[in-house]
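Written below as structure tokens is the structure these notes are about.
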Amino acid sequence: PEYKKANYESYTIQINDELIMRVISIEDDISNLFGSNTNINQQNGNTYRVYQDSTIDIPFASKIKVAGLTIRQAQQKIKEQLSTFGNLDVRLAFVNNSFTVIGESSRGVFSINKDKITIFEALAMAGNIKITGDHKNVHLIRETADGPKIYTFDIRSKDIIDSEYYYIQPNDIIYIDRKKSS
């Protein structure tokens, strides 16, 4: 099968995502105000869940709408909002940065440890597709703003590369069907 090409789009923050935020400043008062530590060796930060209204609630600041933004866009928006407190920088990361593999493969929840991870890398992390797995019927279940979408594709097609199925996003579920008996 042939699949249409799609440009890579950075994952955008969704409702119920969890973000860890770290406020960095040379002024201890600012770092302490937001619960961050200026010690670079520590990975301190506060965790925020994205509420149903698309916002996170940061103490001493108004609610900030982050759903629909990339991590970089959200960092910039929060930094601008908090700039009234002084010279600071903001670092955000996903707490729930993982994907799930089920079906005819090794099963489990796996961390996404870099900006982009391909379907092939994801399957390799999960121990690849078992001999009983159907390479022609790989399902990718992805949560979108319109609700969950299920994509079915043949992993053997070279057109997978650069298609909308090629890169895994946080919270994706990869399901491998069992081959049909003949």
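The values are calculated or read from the model by the stated rules, or taken from the named source; none is laboratory data. Quick caveat: nothing in here was measured; it's all calculated off a predicted structure. Ideal geometry is used to build each Cβ from the backbone, glycine not excepted, and the neighbour counts take in all protein chains shown. Note: areas computed on protein heavy atoms with side chains; ligands, DNA, RNA excluded. Shrake-Rupley method; radii C 1.70, N 1.55, O 1.52, S 1.80 Å.
Please work out if residue 103 is touching a residue at least 24 places away in the same chain (Cβ under 8 Å), at positive phi and touching a helix residue (DSSP H, G or I) at 6+ places or on another chain (Cβ under 7 Å). It would help to see each step written out before you state the result.
Values: touching a residue at least 24 places away in the same chain (Cβ under 8 Å): yes; at positive phi: yes; touching a helix residue (DSSP H, G or I) at 6+ places or on another chain (Cβ under 7 Å): no.
Criteria not met by residue 103.
At pLDDT 95 or above and surrounded by fewer than 16 Cβ atoms within 10 Å (Cβ to Cβ), is that true of residue 73?
Numbers: at pLDDT 95 or above: yes; surrounded by fewer than 16 Cβ atoms within 10 Å (Cβ to Cβ): yes.
Yes; evaluated as a whole, the condition is true for this residue.
Can you tell me which residue within the stretch 144-163, out of those that are in contact with a strand residue (DSSP E or B) (Cβ under 8 Å, 6 or more places away or on another chain) and assigned to a strand (DSSP E or B), is surrounded by the most Cβ atoms within 10 Å (Cβ to Cβ)?
153
Hey, can you tell me all the residues within the stretch 111-141 that are under 30 Å from residue 34 (Cα atoms) and crowded, with 19+ Cβ neighbours inside 10 Å?
Answer for the stretch 111-141, where residues must be under 30 Å from residue 34 (Cα atoms) and crowded, with 19+ Cβ neighbours inside 10 Å: just 112.
Hey, can you tell me all the residues within the stretch 116-139 that are touching a residue at least 24 places away in the same chain (Cβ under 8 Å) and touching a Ser or Thr at 6+ places or on another chain (Cβ under 8 Å)?
123, 126, 129, 130, 133, 137, 138, 139
Condition first: free of Cβ contacts under 8 Å to residues at least 40 places away in the same chain and either under 30 Å from residue 45 (Cα atoms) or open to solvent by 40 Å² or more (accessible area, probe 1.4 Å) (or both). Can you find one or more residues in the stretch 164-182 that meet it?
Here is the first cut: in the stretch 164-182, the ones free of Cβ contacts under 8 Å to residues at least 40 places away in the same chain are 181-182.
Retained after the next criterion (residues that are either under 30 Å from residue 45 (Cα atoms) or open to solvent by 40 Å² or more (accessible area, probe 1.4 Å) (or both)): 181-182.
Scanning the stretch 164-182, I find at least one residue that is free of Cβ contacts under 8 Å to residues at least 40 places away in the same chain and either under 30 Å from residue 45 (Cα atoms) or open to solvent by 40 Å² or more (accessible area, probe 1.4 Å) (or both), so the answer is yes.
Open to solvent by less than 80 Å² (accessible area, probe 1.4 Å) and within 19 Å of the chain's Cα centre (by Cα): does that describe residue 86?
On the way: open to solvent by less than 80 Å² (accessible area, probe 1.4 Å): yes; within 19 Å of the chain's Cα centre (by Cα): no.
When the stated conditions are applied, residue 86 does not pass them.
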